[in-house]
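FYI, it's all coordinate maths here, none of it is from the lab. The shown structure was predicted, so the numbers you read here are calculated from the model rather than taken from an experiment. Here Cβ is always computed from backbone atoms with ideal geometry, including for glycine, and neighbour counts include all displayed protein chains.
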Amino acid sequence: MKLKGIECLDMDLKKVWKLLHERRAVSTVVSSVILTGAVIAVSFVVLFWAQYRSSAYNEQYSEAMNADIARLKERLAFEYVFYGGGNLSVYLMNCGTINDTTVKTVYVSNSAGELKVFFNITLMHFNGVEIADQDLDRGEEGYFVLSSLDGLMAGTSYSVRTVTGRGSTFDYMFVA
């Protein structure tokens with residue numbers, strides 16, 4: 001009986017040996033495994049790329065929304081506008097719910113559409129001292145002076161448009 005068992009084992013080894021050396025069957029299996037591995041690797045690359053892009057879009061959207069919300073929270077109140085001696089003094093108060101409101105550009109125009117533009121606005125405290133950070137925080141008051149405005153005619157209506165650093169615009173009408 002032992003001899004018969006050895007013959008059976010020998011026959012099984014021959015079958016395994018034949019299966020391992022049968023190149024046609026092995027090459028099909030190997031190519032299927034390689035192709036499956038490549039598809040899985042490419043799908044992981046696409047997954048990571050899509051995750052990166054979606055997080056980048058989410059971050060950009062969040063930044064844009066936060067900037068829009070901050071812009072909506074800005075409120076500048078014109079307390080007083082005074083014209084005299086070729087200078088226009090504009091007194092403002094930040095009555096919004098956000099800090100760091102800066103004044104970037106000021107436009108002065110008349111009803112005929114003549115326009116003067118001013119950049120590099122210097123904000124001052126009411127005591128005449130320059131505001132160090134050049135912005136108005138919540139409840140803070142300040143003013144700026146626009147010089148070289150000679151030629152404003154008395155009794156004529158003018159418009160002052162103030163543009164903040166976040167892009168909000170605030171308008172005020174005055175009579176020179």
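Glu59 to Asn87: FRET efficiency via 1/(1 + (r/R0)^6), r the Cβ-Cβ distance, R0 35 Å, to the nearest 0.05? Calculated transfer efficiency: 0.15. Taking Cα atoms only, the orientation of helix 23-73 departs from the longest principal axis of the chain by about 10 degrees.
Subtracting the Cα-Cα distance of Glu140 and Arg75 from their residue separation scaled by 0.36 nm leaves 22.2 nm.
Going by average Cβ neighbours within 10 Å, how do the peptides 83-91, 160-168, 122-130 rank, with the highest at the top? Please list the in-between numbers first.
Working: 83-91: 15.7, 160-168: 17.2, 122-130: 11.2.
The most tightly packed comes first, giving 160-168, 83-91, 122-130.
Partners of Lys73 within straight-line reach, counting aspartates and glutamates whose Cα lies under 19 Å from its Cα and excluding those fewer than 8 residues away in the same chain: Glu63, Asp100, Asp135, Asp137, Glu140, Glu141, Asp171.
What does the convex hull of the alpha-carbon atoms of the range 74-175 project to on average, in nm²? List each step's numbers first, then the result.
Details: hull surface 24.3 nm².
Projected over every direction and averaged, the Cα hull of the range 74-175 covers 6.1 nm².
Counting only Cα atoms, I'd like the Rg/Rh figure for the chain, Kirkwood definition for Rh. Let's see the in-between values first.
Numbers: Rg = 38.6 Å, Rh = 22.6 Å.
Radius of gyration relative to Kirkwood radius: 1.71.
By how many degrees, between 0 and 90 and to the nearest 10, does the Cα long axis of helix 2-21 differ from the longest principal axis of the chain? That helix lies at roughly 40 degrees to the long axis.
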